[in-house]
Amino acid sequence: MPIGKTQKALKYEFIEEIKDNIAKCVMCASCHANCPTYELSRSETLNARGKIRLARGLLTGEIGLTDRVVNDFDECLSCMNCRTACPSGVDTMAVISAVRHEVHERRGVGMVARFIFSYILAHPWRLNLLAKIVGILSLFYTAAPRWLARFLPFANKGVKRVNPDFLKKNLRSSLSDIEPSGEERGTPLKRVAFFSGCMTDLAFPETGLKVIEGLKSAGVEVIYPKGQVCCGAPAYFAGDFTTTKELAKKNLEAFVNVDVDAIVYSCATCGSVLGEIYRELFPGDQQIRKMALKVVDFQKLVIDMSIESIFSAQENTRKLKVTYHDPCHLKRGMGVDKEPRRLLKSLPHVEFVEMEGADACCGGAGTFSMKFYDSSMGQGRRKVEWIKKSGADILVTACPSCQLQLTDSLNRFGHPIPVLHTADLIDYAFSGRRTTTDRK
């Protein structure tokens, strides 16, 4: 049924704004291919075509915003496979985001999420405190015996979820606002600002330090503006655009007056939010656009500057077989997929092997893995089989959320090889030290 012009204005205000996009869908089912949730469930409403049909039904009044409809839009990994597969150019993610926003405006979010969005995300010290509390609780979770684990959340068949270590000193506390390269290096090749994001700051601070130190050793001046806050991804994907905009404004304040050539990130999701979503939320805002155009992935910066030799200073006789997982928001969001492979192939004593399904979603997607853990592990099981087939000793990626999901999946399905960020690989390869991702 076509979208009529006689529908009540503002009945579904945010979906109405993208109704032309909805109308472009010809229901060809191209989006079925490689849709992770559809491949596991075979549910028509869990692929993009079904969701667009639901959005159309909301506009025409055929259906209402029922619990089932809300769940179908919530159970989406936002992996963007459907957007890249669509021959008609439908921005499927815009449709899904609009419905999620409508749900948020009409129903809100749960009490815990509302508290975190309203009182935590914009305040790094509060977020750090919350992370430490979660870290302490995780100690009890990890220590629980196997018989008890069967009654705990995320512990199918007694195998407990692998949780991040939030008790370590966070990255922000280790850095000053200005981290110069040093006068002895002369004029820096570039001057960049580092956007760490919450997970690198709180769960993987060593990765952030290696990004910064690696760039500095190549003569790049790196600064870390302390005014930066969460990029807003958790709120955005929950449909809370108001909180996302408030966080965007705070990040703009932190970076707008910083004289840098680039804003470097090591978290794929953060990069996609800063580089893409902010511009969607603030169309026509030139300051947001200027900031977004400076956003660049750490791996891409290294390759574009031809400074990958900074990782080749040490020698080691061990030969490591390494494979790479493409984070969805990095490859399909920011268009970065060749640079990580070039970087890995440039490392001495590292044998890079391409695995099947390298760009298939791992099933993490932030809070998706908590809300839909069984589905998440379904994606994880498939990914683990591909990793096994590659024969790799180490799995590398460039997204903290993917690291957590892949580490958990590999542990759950009996193949606990290390999962490292690209910036961590060199330290592991050359020093031989065990990392926090190793499992016995």
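Every number in this text was worked out from the coordinates using simple rules, so none of it is lab data. Not measured: the values here are computed from a predicted model. Using ideal geometry, Cβ is built from the backbone for each residue, glycine included, and neighbour counts are taken over all protein chains shown.
Using Cα-Cα distances under 8 Å and only pairs 6 or more residues apart, what relative contact order does the chain have, in percent?
13
Rg and Dmax in Å for the chain, alpha carbons only: what are they?
Rg, Dmax (Cα atoms, Å): 21.9, 72.
Taking every alpha carbon pair in the range 228-356, what does the distance histogram look like in 5 angstrom bins from 0, in percent?
The calculated distribution, bin by bin, is 2, 10, 18, 19, 16, 12, 9, 8, 5, 2, 0.
Round to a whole angstrom and tell me the spacing of the C-alpha centers of the range 201-223 and the range 371-422.
Each part's Cα centre sits 25 Å from the other's.
Report, in whole Å, the centroid distance computed from the Cα atoms of the range 325-358 and the range 30-68.
The two parts, judged by their Cα centres, are 31 Å apart.
Please give me the summed charge of the neighbours of Glu44: other residues whose Cβ is under 11 Å from its Cβ, Lys and Arg +1, Asp and Glu -1.
For residues surrounding Glu44, the net value is +3.
So, R0 is 41 Å and r is the distance between the beta-carbons of Met111 and Asn257; what FRET efficiency does that work out to, to 0.05?
Values: r = 37 Å, r/R0 = 0.91.
For R0 = 41 Å, the calculated efficiency reads 0.65.
Given the -39500 (n - 2.57) contribution per DSSP H run of 4+ residues, what per-residue ellipticity at 222 nm results for the chain, rounded to the nearest 500 deg cm²/dmol?
One gets -13500 deg cm²/dmol as the mean residue ellipticity at 222 nm.
Quote the FRET efficiency, to the nearest 0.05, computed for Lys157 versus Asp304 with a Förster distance R0 of 35 Å and r equal to the Cβ-Cβ distance.
For Lys157 and Asp304, the calculated efficiency is 0.15.
Among 231-238, 96-103, how do they line up from the highest to the lowest mean number of other beta-carbon atoms within 10 Å?
The peptides rank, most packed first, as 231-238, 96-103.
To make sure I understand, if each residue's beta carbon is the centre and we count other beta carbons within 10 Å, what order do Asp165, Asp374, Asp201, Asp74 fall in, fewest to most?
Asp374, Asp165, Asp74, Asp201
Quick one: of the DSSP bridges fully inside the chain, what percent are antiparallel, nearest 5? It would help to have the intermediate numbers written out before the result.
Details: 2 of 22 bridges.
Around 10 percent of the beta bridges assigned by DSSP in the chain are antiparallel ones.
Kirkwood-based Rg over Rh for the range 32-120 (C-alpha set), two decimals?
Result for the range 32-120 is an Rg/Rh of 1.00.
Report the full-extension gain for the segment Trp125 to Asn71: residue separation times 0.36 nm, less the Cα-Cα distance, to one decimal in nm. Show your work: numbers first, answer last.
Values: separation 54, 0.36 × 54 = 19.44 nm, distance 3.29 nm.
Value of the extension gain: 16.2 nm.
Give, as a single signed number, the net charge of other residues whose beta carbon lies under 12 Å from the beta carbon of Tyr236, with Lys and Arg counted +1 and Asp and Glu -1. Walk me through the numbers before you get to the answer.
Details: positive: Arg100, Lys245; negative: Asp240, Glu246, Glu276, Glu280.
Value of the local net charge: -2.
Run the numbers for Lys345 and Ile133: contour at 0.36 nm per residue of separation, minus the present Cα-Cα distance, in nm.
Separation in residues times 0.36 nm, less the Cα-Cα distance, equals 72.3 nm.
By the scheme Lys and Arg +1, Asp and Glu -1, what is the net charge of all other residues having a beta-carbon under 12 Å from that of Arg382?
My count for the surroundings of Arg382 gives +1.
Fewest first, what order do Lys300, Lys190, Lys168 take by the number of other Cβ atoms within 10 Å?
Result, fewest neighbours first: Lys168, Lys190, Lys300.
Given points 7 Å out from each Cα along the Cα-Cβ axis, report the Glu13 to Asp285 separation in nanometres with one decimal.
The answer from the label model is 1.8 nm.
Which Cα, out of Ala23, Tyr38, Ile96, lies furthest along the positive dipole direction of the range 13-107 (beta carbon charges, K/R +1, D/E -1)?
The listed residue farthest towards the positive side: Tyr38.
Hey, rough spin-label estimate for Glu356 and Glu276, points 7 angstrom out along Cα→Cβ, what's it come to in nanometres?
2.7
For helix 422-431, report the angle its Cα long axis makes with the longest principal axis of the Cα atoms of the chain; keep it between 0 and 90° and round to the nearest 10°.
30
If neighbour count is taken as other Cβ atoms inside 10 Å, put Lys383, Lys210, Lys157, Lys371 in order from fewest to most. Can you show the working numbers first?
Values: Lys383 28, Lys210 20, Lys157 8, Lys371 13.
Going from least to most buried by this count: Lys157, Lys371, Lys210, Lys383.
Any chance you could run the full-extension gain for Thr60 through Lys226? It's 0.36 nm times the residue separation minus the Cα-Cα distance, nm to one decimal.
Computed gain between Thr60 and Lys226 is 55.0 nm.
For the range 44-53, take each phi angle, set θ = phi - 60°, evaluate the Karplus expression 6.51 cos²θ - 1.76 cosθ + 1.60, and give the result in whole Hz per residue in order, putting x for glycine and proline.
Per residue, the Karplus-derived 3J(HN,Hα) values read 4, 7, 9, 10, 5, 4, x, 5, 5, 5 Hz.
Considering only Cα-Cα distances, which of the following residue pairs are longer than 30 Å: Lys160/Lys216; Lys11/Lys294; Lys294/Lys383; Lys19/Lys245?
Where the Cα-Cα span goes over 30 Å, the pairs concerned are Lys160/Lys216; Lys11/Lys294; Lys294/Lys383.
Return the single residue from Asp261, Asp393, Asp297 with maximal mean-square fluctuation; model: Gaussian network over the chain, springs between Cα atoms under 10 Å.
The residue that fluctuates most here is Asp261.
What dipole magnitude, in Debye to the nearest 20, does the chain give about its Cα centre under +1 on Lys/Arg Cβ and -1 on Asp/Glu Cβ?
That gives a dipole near 1140 debye.
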